[in-house]
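Before any comments, here is the structure.
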Amino acid sequence: MTEHEAYSILELNDGESFDAIKKAYRKLALKYHPDRNHGSKEAEEKFKQINDAYEYLEDYQTRKDDALHTTSAPPTQDDTFAYHHNYHERYKHGHFGEYKFKKRA
């Protein structure tokens with residue numbers, strides 16, 4: 001699935017804000033929810049497509065946000081809070097690799 005396909009499934013223009021994406025997803029999910037359309041295979045398939053498109057765009061948005069945060073200049077040593085916050089954020093996202101614990105003898 002491409003970004004353009006995901007936007008078209010959610011009936012949105014390319015590049016909409018994430019709030020608009022959530023709003024469109026909720027509207028379409030309610031419309032095509034299997035509990036509201038008993039036995040309709042078309043509605044069930046459309047509901048699956050809507051969920052896949054939303055998950056794709058949500059993941060795309062988080063990757064785009066992460067890229068924006070990692071390309072910014074690192075904070076200076078003078079700003080202690082920002083320096084440590086950036087360190088912990090990079091640690092959470094795995095920028096230091098996986099830590100392996102050694103077994104004690």
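No value in this document is a laboratory result; all are computed from the given coordinates. All figures in this text were calculated on a predicted structure; none of them were measured in a lab. Neighbour counts are summed over all protein chains in view; Cβ atoms, including those assigned to glycine, are modelled from backbone coordinates with ideal geometry.
Placing R0 at 25 angstrom, the Cβ-Cβ distance between Glu5 and Arg36 gives a FRET efficiency of 0.50 after rounding to 0.05. Distance between the pseudo-spin-label points of Glu58 and Asp14 (7 Å out from Cα toward the beta carbon): 2.4 nm. Separation of the range 44-67 from the range 10-38 is 11 Å, based on Cα centroids.
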